[in-house]
Amino acid sequence: MSPTYHVIFRTCDVVHSVHNTPRPFGLDKRTLIKVCFKSLYASLAPYPHKITILGDRLSPEIQEFFKSYPVTLLNEELGNDNSIRRAFELALEVPDNDWAYICEDDYLHTPQAFLWIDDLIQNKQEYLGKKPWNQAIRLNYSKLYTHPLVIHPPDYPDRYRSRYMRYGLIFLSKFCHWRQISNTTFTFLMEGKTARRYKSILMRSVKGADDGYLSRKLYGGLTFRNKAICLSPIPGVATHMHDGVMTPLVDWQKIADEILRTS
């Protein structure tokens with residue numbers, strides 16, 4: 001049985017881009033928000049879910065857009081750090097075995113995103129229950145499925161560049177491979193009980209939107225002492241919509257164009 005997914009969709013249409021990075025396909029910010037949300041909503045539709053829109057000074061146009069969906073709309077004056085803090089506060093309210101998905105508004109999802117994610121979650125013990133033995137470093141990774149799991153839906157292209165390559169375990173699921181990663185943005189899924197377990201790390205990372213601190217403290221690398229295992233699919237099921245960092249091997253323009261065509 002699928003868990004309930006509690007989406008916390010962080011959005012602001014005032015700022016074009018935090019890092020002034022060009023948006024792909026010539027999309028303006030408001031169109032980008034709509035396309036990304038529609039992709040997530042469609043992928044999530046077959047599964048039990050609740051969606052909270054965590055808006056930061058949203059324009060009337062975007063507020064009206066979200067009001068046409070069965071969501072809880074919060075519109076506050078936050079700023080980036082406080083938006084992240086508020087998202088974590090909402091995640092801390094999620095029941096133990098439900099999943100919080102904290103999602104920024106510029107991540108485009110494939111139609112099969114939650115099919116693959118839900119499959120991993122429901123079959124975690126089978127997929128992570130093998131006992132890989134690394135002779136080179138003498139570490140026995142038995143019962144990895146007992147560690148808290150965090151899921152990061154995109155697959156950043158820099159993970160294939162030599163200077164950024166890191167050791168990581170690879171798991172095979174029904175639909176794709178899952179790669180262990182050691183860093184994420186503030187877009188990820190975790191169980192409610194995992195959010196509460198790592199509350200202090202989550203809240204400390206809010207200052208300066210420090211996803212580097214979050215990643216160092218939260219995700220296991222060669223060892224998993226009191227840390228979570230973070231997995232990302234290959235190929236990715238979402239992409240950060242910034243030029244130069246988009247998930248490879250997926251025709252993202254086709255997905256965006258299809259959503260725009262049917263809007």
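The values are calculated or read from the model by the stated rules, or taken from the named source; none is laboratory data. Nothing here was measured: the structure is a model prediction, and the numbers come from that model. Positions of Cβ are generated from backbone atoms using ideal geometry, with glycine treated the same way; all protein chains shown enter the neighbour counts. Keep in mind that these areas ignore ligands, DNA and RNA; they rest on the heavy atoms of the full protein, side chains included. Shrake-Rupley method; radii C 1.70, N 1.55, O 1.52, S 1.80 Å.
List every residue pair whose Cβ atoms sit under 6 Å apart, with the two residues 6 or more apart in sequence or on different chains, where the first one lies in segment 86-103 and is part of a strand (DSSP E or B) and the second, anywhere, is open to solvent by 10 Å² or more (accessible area, probe 1.4 Å).
Once the first residue is part of a strand (DSSP E or B) and sits in segment 86-103, its partners that are open to solvent by 10 Å² or more (accessible area, probe 1.4 Å) give W99/P3; W99/E191; A100/H6.
Among the candidates W133, W116, single out the residue that is open to solvent by 10 Å² or more (accessible area, probe 1.4 Å), at pLDDT 85 or above and not basic (K, R). So that I can check it myself, show each step before the final result.
On the way: W133 fails: at pLDDT 85 or above.
Just one listed residue meets the conditions, W116.
Please go through (1) open to solvent by less than 20 Å² (accessible area, probe 1.4 Å); (2) free of Cβ contacts under 8 Å to residues at least 60 places away in the same chain for R197 and return the number of the only condition it doesn't satisfy.
(1)
List the residue pairs whose Cβ atoms are under 7 Å apart, where the first residue sits in segment 62-75 and is closer than 15 Å to R10 by Cβ, the second is part of a helix (DSSP H, G or I), and the two are 6 or more positions apart or on different chains.
From residues that are closer than 15 Å to R10 by Cβ, the pairs are I62/R30; I62/I33; L73/Q63; L73/F66; L73/K67; N75/Q63.
Would you be able to tell me the number of residues in segment 68-85 that are under 26 Å from P46 (Cα atoms) and not in a strand (DSSP E or B)?
Number satisfying all stated conditions: 4.
Okay, residues lined up against (1) more than 23 Å from S2 (Cβ to Cβ); (2) in contact with a strand residue (DSSP E or B) (Cβ under 7 Å, 6 or more places away or on another chain); (3) hydrophobic (A, V, I, L, M, F, W, C); (4) not in a loop (DSSP other than H, G, I, E, B):
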residue	(1), (2), (3), (4)
Y145	no, no, no, yes
R166	yes, no, no, no
K174	no, no, no, no
Q180	yes, yes, no, yes
L202	yes, no, yes, yes
S215	yes, no, no, yes
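Any chance you could count how many residues in segment 4-50 are in contact with a strand residue (DSSP E or B) (Cβ under 9 Å, 6 or more places away or on another chain), part of a loop (DSSP other than H, G, I, E, B), at pLDDT 95 or above and surrounded by fewer than 20 Cβ atoms within 10 Å (Cβ to Cβ)?
Residues that pass the stated criteria total 3.
Could you go through segment 221-233 and let me know if any residue there is under 19 Å from Q125 (Cα atoms), in contact (Cβ under 8 Å) with a residue 24 or more places away in the chain, open to solvent by 20 Å² or more (accessible area, probe 1.4 Å) and among the charged types (D, E, K, R).
yes
Only one of L108, L54, L73 is surrounded by fewer than 20 Cβ atoms within 10 Å (Cβ to Cβ) and of a type in the set (A, V, I, L, M); which? Reasoning before the result, please.
Working: L108 fails: surrounded by fewer than 20 Cβ atoms within 10 Å (Cβ to Cβ); L54 fails: surrounded by fewer than 20 Cβ atoms within 10 Å (Cβ to Cβ).
Going through L108, L54, L73 in turn, just one is surrounded by fewer than 20 Cβ atoms within 10 Å (Cβ to Cβ) and of a type in the set (A, V, I, L, M): L73.
Taking T247 as the residue in question, decide whether it is open to solvent by 50 Å² or more (accessible area, probe 1.4 Å) and either assigned to a loop (DSSP other than H, G, I, E, B) or hydrophobic (A, V, I, L, M, F, W, C) (or both).
Numbers: open to solvent by 50 Å² or more (accessible area, probe 1.4 Å): no; either assigned to a loop (DSSP other than H, G, I, E, B) or hydrophobic (A, V, I, L, M, F, W, C) (or both): yes.
No.
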